[in-house]
Amino acid sequence: MDLQTLKTTASSMVANGKGILAIDESHGTCKKRFDALGVDCTEETRRAYRGLLVSAPGISEFVSGMILFDETIRQKDNYGKTYSEVLSAAGMIPGIKVDTGAHDLALHRHEKVTEGLDGLRDRLEEYALLGARFAKWRAVITIGENIPSEACYKANAHALARYAALCQEQSIVPMVEPEILMDGNHSIERCYEVTAKTLQVLFAELKEQGVAPEGTILKVSKVLPGKDHEAERDPKKVAELTVKCLTENVPHELAGIVFLSGGQTPQDASLHLSLMNQIGPHPWPLSFSYGRAIQEPALRAWAEDQSDWGRAQRALVSRAKMNSLASKGEYTLEMEQNV
């Protein structure tokens, strides 16, 4: 493990005004989004769409790196350059999703555990050769009647910690992502409780495995009520409770925190992040690692005319700029009128 390399990479990932773009959708997720817009989901259409994302002019002003899928890190643009090479040439950091998805947790109905540890050391060695400098592993925590269970908290935290240790062994920055799903009718207070417990168990496991927090990035969901909860959404309360939960449960020496969008609208995702950064100062940078909340306008534009990359790329950069402003606490909803 080269701790200085880890610290340098992690610091660059959350540099002032920059965040991470997630373009690591599985084939299944990609197909759902393409189907909804009438686009065939093939290896070539996926290559083309992700090609326009990694090569968007000006994106590196607001995005420090991108999370790639296994297929994507092996693909090349029309000039024979790998997408890792395209990102690096533009001053961005290539990352890679390494888990193999969430599966049913044995003996625990309605709960999941993320798999993919088998063979991970060898895969990380290969991904490093392919240009990856950080990785991502996503766990999912569901809130419901009598869940999450202790077994779910511990199983997912342990897997995240073992993954993170293997990453740091290869001097690859681990992005640990325990996502609290928005599904359900739980209150924001219940989400706070579950998020706090998730973080406590996670960081205890990371410490147990010897993972260096200063070379680690946390990707986390915001403290939100369930999407079926009847109470009115209060963006300021979301920001305040999220910051409080993180401050009380995340080691201050952590390199940085980025948020997932988790089903929020692009505008809500930007607003919540901006409000959180207005509360500061924080022990760590608070930025974004959004997928659909940045991609959505670009995907729609590309689906309408796959030959017009410029329009789609401008939509992508515009959305990334909004989140860059949010990461500095400078975004307001009024800015959307000029987008």
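The values are calculated or read from the model by the stated rules, or taken from the named source; none is laboratory data. The shown structure was predicted, so the numbers you read here are calculated from the model rather than taken from an experiment. Neighbour counts run over all protein chains shown; Cβ positions are idealised from the backbone, glycine included.
Which one of these is in contact with a helix residue (DSSP H, G or I) (Cβ under 6 Å, 6 or more places away or on another chain) and surrounded by fewer than 14 Cβ atoms within 10 Å (Cβ to Cβ): GLY17, GLY91, GLY80, GLY58?
Going through GLY17, GLY91, GLY80, GLY58 in turn, just one is in contact with a helix residue (DSSP H, G or I) (Cβ under 6 Å, 6 or more places away or on another chain) and surrounded by fewer than 14 Cβ atoms within 10 Å (Cβ to Cβ): GLY91.
Can you give me the number of residues within segment 281-322 that are closer than 16 Å to VAL220 by Cβ and not in a loop (DSSP other than H, G, I, E, B)?
6
Only residues in segment 80-108 that are free of Cβ contacts under 8 Å to residues at least 24 places away in the same chain count as the first member; pair them with residues that are part of a loop (DSSP other than H, G, I, E, B), Cβ under 8 angstrom, at least 6 apart or cross-chain, and list the lot.
ALA89/LYS81; THR100/GLU115; THR100/GLY116; HIS103/GLU115; ASP104/GLU111
Which of (1) surrounded by fewer than 17 Cβ atoms within 10 Å (Cβ to Cβ); (2) of a type in the set (Lys, Arg); (3) in contact with an Asp or Glu (Cβ under 8 Å, 6 or more places away or on another chain) does LYS32 not meet, given it meets every other one?
(3) is the only condition that LYS32 fails.
Going through GLU179, GLU240, GLU248 one at a time, which residue ends up being in a strand (DSSP E or B) and acidic (Asp, Glu)?
It is GLU179.
Please state which of the following conditions THR72 fails to meet, knowing it meets all the rest: (1) among the polar types (S, T, N, Q); (2) surrounded by fewer than 19 Cβ atoms within 10 Å (Cβ to Cβ); (3) touching a helix residue (DSSP H, G or I) at 6+ places or on another chain (Cβ under 6 Å).
So THR72 meets the others, but not (2).
Kindly indicate whether any position in segment 326-339 is at pLDDT 95 or above and part of a helix (DSSP H, G or I).
yes
Give segment 207-224 a look and list any residue that's more than 19 Å from the chain's Cα centre (by Cα) and surrounded by fewer than 23 Cβ atoms within 10 Å (Cβ to Cβ), or say none.
Step one: of segment 207-224, the residues more than 19 Å from the chain's Cα centre (by Cα) are 207-212.
Residues satisfying the conditions are LYS207, GLU208, GLN209, GLY210, ALA212.
Could you please let me know if GLY51 is at pLDDT 95 or above and not in a helix (DSSP H, G or I)?
The answer is no for GLY51.
Going through ILE172, ILE217 one at a time, which residue ends up being closer than 21 Å to ALA269 by Cα and either of a type outside the set (D, E, K, R) or free of Cβ contacts under 8 Å to residues at least 12 places away in the same chain (or both)?
One residue alone meets the criteria, ILE217.
Being touching a residue at least 40 places away in the same chain (Cβ under 8 Å) and either closer than 19 Å to ASN156 by Cα or of a type outside the set (A, V, I, L, M) (or both) narrows it down to one of LEU181, LEU254, LEU224, LEU241, so name that one.
Within the list LEU181, LEU254, LEU224, LEU241, the selection yields LEU181.
Given (1) surrounded by fewer than 15 Cβ atoms within 10 Å (Cβ to Cβ); (2) at pLDDT 95 or above, identify the lone condition not met by SER287.
(1)
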